[in-house]
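I have placed the structure first, in the form of structure tokens, so that the comments after it can refer back to it.
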Amino acid sequence: MLRIAIIGAGAVSDYHHVPAIRLDPRAELVAACDANEKLLQQRQRDWGVEVVSTDPEAICARDDVDAVIIATPNFTHRPIALAAVRAGKHVMCEKPLGLNPAEVREMYHAARDAGVVHMTAFTYRFAPSMRYLKHLVAAGQLGEPRHFRSQRFLDWPETSWGWRQYQHLAGAGDLFDMTIHRIDFAQDLLGRIARVTGALARFAPRTETKDGQACEPSDVDDWSSILGEFACGATGVWEGTTLAKGYGRGGFGHEWAEINGAEGSAVYQLHEPNTVLLGKTGQDLAPVDVPAEFLKPADSPRDPSQGEPATVFRYDLVWEFVSAITDKRPAVPDFYDGLSAQVIAGAAIDSYHNRRWVEIPHEPR
């Protein structure tokens, strides 16, 4: 039985990671950690876990912990991950892995050299429609890929984001929170991004909390855009915003990822993750059900017919983490993938400030 500790007891852990651990007969949740003692006490009751602590290093050092899942604020990822690696623990970490490429490079090298399983929580790789889209591209069913296009539009309140709205704690705003996911699955579909140019904007000052308390204004982006060129010759366009009024869609927002190939086009949408849109010349884009073999990984204990489709595919993230550990193989996506996406996001920021295209160096494994 793989003994997992969760460090960071917020909503992501409660909605995604804990249900996923409970679903997997090979794993058990043995400890929880959070800086908020009141939340930690609540999670101890809700999750039925005996060991709780506000000290992540103490959790990482425990002999009865085999692996940790890090779901804490961005600025804490690096020290916690390095503590886990030093203790010989396998580690999965939420994105972005760090505040900048240098931090993430250190995390990747430490985990790689220690021989522990390391994983970046790029959840959307596990969406059934994204898995099927990858198959269509790899099988050549769309022809030579020419364009990748991603839109992530959310209608979020313009009140404070807490730590997420400050560069020294979050690194960036929408770019690191949302667009970085789309950078990752674009590379998963089409290979390495060779060069980018980017733009950022901030419209909402976010000087009040939800309950009307004053706070320091945001200094991160709430809109981001990237133009890119892939090494394979395809082009890419990414746009993300938290200020798209009317794009609530039950909290899932609008997500559209599209590939135009020489012979056809295919579209993934988050709010309908078990369906893709397919079209060719003379045939308009039309919905097609994702075949059963792509609804989940073959050995995943998840029942694709149960639960909200846009939520339950996320449980396969923990399944992959546990599988990599038990099978003694690398996890996919790993810290290298997290580093690659962070380098590109960082290059987009550099491009915006310097008003130029930026070449993306190849990162050695």
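The values are calculated or read from the model by the stated rules, or taken from the named source; none is laboratory data. Worth saying up front: this structure is predicted, and the values here are computed from it rather than measured. For neighbour counting, all protein chains shown are included, and Cβ atoms are generated from backbone atoms with ideal geometry for every residue, glycine included.
Check the stretch 18-35 and report whether any residue there is assigned to a helix (DSSP H, G or I), farther than 29 Å from Gly307 by Cα and either in contact with a strand residue (DSSP E or B) (Cβ under 8 Å, 6 or more places away or on another chain) or of a type in the set (S, T, N, Q) (or both).
No.
Just to confirm my filter: which helices (runs of 4 or more DSSP H) fall fully inside the stretch 40-135 and include at least 1 residues that are touching a Ser or Thr at 6+ places or on another chain (Cβ under 6 Å)?
Of the helices (runs of 4 or more DSSP H) lying wholly inside the stretch 40-135, those with at least 1 residues that are touching a Ser or Thr at 6+ places or on another chain (Cβ under 6 Å) span 56-61.
Under the condition of being within 17 Å of Arg355 (Cβ to Cβ) and aliphatic (A, V, I, L, M), which residue from the stretch 210-233 is farthest from the chain's Cα centre (by Cα)?
Leu227
Failed condition for Ser225, given (1) more than 16 Å from Ser351 (Cβ to Cβ); (2) touching a strand residue (DSSP E or B) at 6+ places or on another chain (Cβ under 6 Å), with all others met?
(1)
Within the stretch 296-327, how many residues turn out to be among the small types (Gly, Ala, Ser) and outside any helix (DSSP H, G or I)? Full working, then the answer.
Taking the stretch 296-327 first, the residues among the small types (Gly, Ala, Ser) are 298, 300, 305, 307, 310, 323-324.
Retained after the next criterion (residues that are outside any helix (DSSP H, G or I)): 298, 300, 305, 307.
Residues that pass the stated criteria total 4.
Spot the failing condition for Ile80; the list is (1) closer than 25 Å to Pro361 by Cβ; (2) in contact with a Cys (Cβ under 9 Å, 6 or more places away or on another chain), and only one is missed.
(1)
Within the bounds of the stretch 233-256, is there any residue that is buried (at least 18 other Cβ atoms within 10 Å of the Cβ), under 21 Å from Met178 (Cβ atoms) and without any contact (Cβ under 8 Å) to a residue 40 or more places away in the chain?
No, because not a single residue in the stretch 233-256 is buried (at least 18 other Cβ atoms within 10 Å of the Cβ), under 21 Å from Met178 (Cβ atoms) and without any contact (Cβ under 8 Å) to a residue 40 or more places away in the chain.
Filter the stretch 1-43 down to residues that are among the basic types (Lys, Arg) and touching a residue at least 24 places away in the same chain (Cβ under 8 Å) and give me whichever is surrounded by the most Cβ atoms within 10 Å (Cβ to Cβ).
Arg43
Please identify the pairs in which a residue from the stretch 139-164 that is within 19 Å of Glu239 (Cα to Cα) has its Cβ atom under 6 Å from the Cβ atom of a residue that is in a loop (DSSP other than H, G, I, E, B) and of a type in the set (Lys, Arg), counting only partners at least 6 apart or on another chain.
Listed by first residue and then by second, the contacts come to Asp155/Lys245.
Name the residue, out of Arg182, Arg195, that is surrounded by fewer than 21 Cβ atoms within 10 Å (Cβ to Cβ) and among the basic types (Lys, Arg).
Residue meeting the stated conditions: Arg195.
Test Val322 against the stated conditions and say whether it is hydrophobic (A, V, I, L, M, F, W, C), closer than 25 Å to Thr179 by Cβ, at pLDDT 95 or above and not assigned by TED's automatic domain parsing to the domain that holds Leu200.
no
Identify the residue in the stretch 119-154 that is over 22 Å from Pro333 (Cβ atoms) and out of contact with any His (no Cβ under 9 Å at 6 or more places or on another chain) and, among all such residues, is surrounded by the most Cβ atoms within 10 Å (Cβ to Cβ).
Checked the stretch 119-154; the qualifying residue surrounded by the most Cβ atoms within 10 Å (Cβ to Cβ) is Leu142.
Here is a list: Asp316, Asp337, Asp350. Which entry is under 23 Å from the mean Cα position of the chain (by Cα), surrounded by 18 or more Cβ atoms within 10 Å (Cβ to Cβ), charged (D, E, K, R) and under 22 Å from Gly173 (Cα atoms)?
Among Asp316, Asp337, Asp350, only Asp337 is under 23 Å from the mean Cα position of the chain (by Cα), surrounded by 18 or more Cβ atoms within 10 Å (Cβ to Cβ), charged (D, E, K, R) and under 22 Å from Gly173 (Cα atoms).
Conditions: (1) in contact (Cβ under 8 Å) with a residue 60 or more places away in the chain; (2) surrounded by fewer than 15 Cβ atoms within 10 Å (Cβ to Cβ); (3) over 21 Å from Val12 (Cα atoms). Arg355 meets all but one. Number of the miss?
It fails just one condition, (1).
Mind counting the residues in the stretch 1-17 that are outside any strand (DSSP E or B) and under 19 Å from Val322 (Cβ atoms)? Full working, then the answer.
Here is the first cut: in the stretch 1-17, the ones outside any strand (DSSP E or B) are 1, 8-17.
Right, trim to under 19 Å from Val322 (Cβ atoms) and you get 1, 8, 12-17.
Residues meeting the conditions: 8.
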